[in-house]
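*Asks:* Got a structure here, written out as structure tokens. Questions coming.
The values are calculated or read from the model by the stated rules, or taken from the named source; none is laboratory data. On a predicted model such as this, the values are computed, not experimentally measured, just so you know. Methodologically, a virtual Cβ is constructed for each residue, glycine included, from the backbone with ideal geometry; neighbour enumeration extends over all protein chains shown.
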Amino acid sequence: MCMRMLSSLFALCAFAACSPAAETALAPTPPMGWNSWNHFACKVTAADVRGAANAIASNGMKEAGYVYVNVDDCWQGSRDEQGRIQPNKNFGDMKALADYVHSKGLKFGIYSSPGPETCAGFTGSYQHEEQDAQTYAEWGVDYLKYDWCSASQVYPVSQIREVYKKMHDALEKTRRPIVFSLCQYGWDLVWRWGKDVGGNLWRTTGDIQDRYESMANIGFGQAGLEAFAGPGHWNDPDMLEIGNGGMRHDEYITHMTLWCLLAAPLLAGNDLTRVTPEDQAILLNKEAIAVDQDPKGAQGHRVSAEGPLEVWAKPLSDGSVVVGLFSRAGTFPVKVSFKDIGFTGSVHVRDLWAHKDLGMAENEFTAQVPRHGAVMIRVWK
């Protein structure tokens, strides 16, 4: 959750310092996993989190790269006499929960705010940053989502950078590698400074909703931010809604295609214990995931836009280029000219949703794209 107004690296020399190499090692590719908010919101319990961990460990998601199991807002209780944060009755022993997630070969994530309260009104980390960071490390936390929320009550937005750096420094002091996710809705052009304050990813936008218009506005709105993403530091257009039921199949195809081209974190937000085979197939498309997780770490860019038709491209480490063809209105033919993505002459083309080689093509490629749908191809010499 964010404010409603708008592989394992534990052997990394004890996380010796916040060097660029250490930060890059924490998130060399965009984080993948699951987050509780989009489906469960404040109804989430420890049982739901265990259910998600069980599902990821058994349904192929773990092997596909989904490793983080992240509790979002609403887990906090009050502080004890020493000021140590306590979980509420829906969670109980957080270390036991983290241990359970780890026993599945997965990683455990948590949520807080630099303000006195979280977005949902639970206890934040204000004036307890080092204490909370140490508590999280003792519990075995591997990922922290830090949501601005009520911080505006105690800090001017002009201090947003130092506020986030304060928690980063506290996390570093624990000497446990913890991925640091900044959630501040794109305020103050965060992509320009998120890396400098220790962020491994930062929200570029307000909250996503399980509607095509919300997803499309956020996803296509990432154009121009590609210069700020790379290994260890990622633009975050928010979590996946695939499987929550608010969009049609073609729209969820667009969602996954666009997020993979954007090198976005892939955090499923549905109930993984109740997912249709069609939605699961989208989440488990290993060819699409390979685009997102390509070690080059390049974020895709918009090649062209003509009314509702858009073409995006992402270069991969093997020299190939992945192209997304999108129609934001009706069903239309959408074309990419190979010269616009750096190729001349004949090239190989593969359809990454059909999992089918399409043979050789010369000069250009055209596909009939359904309304709100997408075609994703890989092109190489």
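Listed here are the residues, each with its yes/no results for (1) at pLDDT 95 or above; (2) in a loop (DSSP other than H, G, I, E, B); (3) in contact with a Lys or Arg (Cβ under 9 Å, 6 or more places away or on another chain).
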{"residue": "Trp234", "(1), (2), (3)": "yes, no, no"}
{"residue": "Glu241", "(1), (2), (3)": "yes, yes, yes"}
{"residue": "Gly246", "(1), (2), (3)": "yes, yes, yes"}
{"residue": "Thr254", "(1), (2), (3)": "yes, no, yes"}
{"residue": "Leu258", "(1), (2), (3)": "yes, no, no"}
{"residue": "Ala263", "(1), (2), (3)": "yes, yes, yes"}
{"residue": "Leu267", "(1), (2), (3)": "yes, no, no"}
{"residue": "Leu272", "(1), (2), (3)": "yes, yes, no"}
{"residue": "Val275", "(1), (2), (3)": "yes, yes, no"}
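*Asks:* Let me ask another. Could you list, in sequence order, the residues of region 191-227 that are assigned to a helix (DSSP H, G or I), under 19 Å from Tyr146 (Cβ atoms) and either aromatic (Phe, Trp, Tyr) or touching a helix residue (DSSP H, G or I) at 6+ places or on another chain (Cβ under 6 Å) (or both)?
*Replies:* Kept after step one, since they are assigned to a helix (DSSP H, G or I), are these residues of region 191-227: 191-192, 195-197, 212-220, 226-227.
When the remaining residues are screened for being under 19 Å from Tyr146 (Cβ atoms), the result is 191-192, 195-197.
Matches in region 191-227: Trp191, Val197.
Each row is one residue, and each column tells you yes or no for (1) under 17 Å from Met167 (Cβ atoms); (2) buried (at least 17 other Cβ atoms within 10 Å of the Cβ).
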| position | (1), (2) |
| --- | --- |
| Met32 | no, yes |
| Val44 | no, yes |
| Asn70 | yes, yes |
| Cys74 | no, yes |
| Ser103 | no, no |
| Gly124 | yes, yes |
| His128 | yes, yes |
| Glu138 | yes, no |
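*Asks:* Could I ask something else about it? Looking at region 56-66, can you tell me whether even one residue there is aliphatic (A, V, I, L, M), within 17 Å of the chain's Cα centre (by Cα) and not in a helix (DSSP H, G or I)?
*Replies:* There is no residue in region 56-66 that is aliphatic (A, V, I, L, M), within 17 Å of the chain's Cα centre (by Cα) and not in a helix (DSSP H, G or I).
*Asks:* Kindly establish whether Ser304 is at pLDDT 95 or above, more than 18 Å from Gln222 (Cβ to Cβ) and of a type in the set (Ser, Thr, Tyr).
*Replies:* In short, no.
*Asks:* Filter region 315-364 down to residues that are basic (Lys, Arg) and closer than 22 Å to Ala281 by Cα and give me whichever is nearest to the chain's Cα centre (by Cα).
*Replies:* Selected residue: Arg350.
*Asks:* Is it the case that region 356-373 has a residue that's within 27 Å of Gly230 (Cα to Cα), among the aliphatic types (A, V, I, L, M) and assigned to a strand (DSSP E or B)?
*Replies:* No, region 356-373 has no match at all.
*Asks:* What's the number of the only condition in (1) of a type in the set (A, V, I, L, M, F, W, C); (2) under 17 Å from the mean Cα position of the chain (by Cα); (3) over 19 Å from Cys149 (Cα atoms); (4) modelled with pLDDT under 95 that Phe15 fails to meet?
*Replies:* (2)
*Asks:* Say whether the condition of being β-branched (Val, Ile, Thr) and outside any strand (DSSP E or B) is met by at least one residue in region 72-92.
*Replies:* No, because not a single residue in region 72-92 is β-branched (Val, Ile, Thr) and outside any strand (DSSP E or B).
*Asks:* In region 123-139, what residues are in contact with a strand residue (DSSP E or B) (Cβ under 6 Å, 6 or more places away or on another chain) and not in a helix (DSSP H, G or I)?
*Replies:* Correct list: Thr123, Gly124, Ser125.
*Asks:* Okay, moving on. Test of understanding: among Leu358, Leu272, Leu267, which residue is buried (at least 17 other Cβ atoms within 10 Å of the Cβ) and more than 20 Å from Gly221 (Cα to Cα)?
*Replies:* The match here is Leu272.
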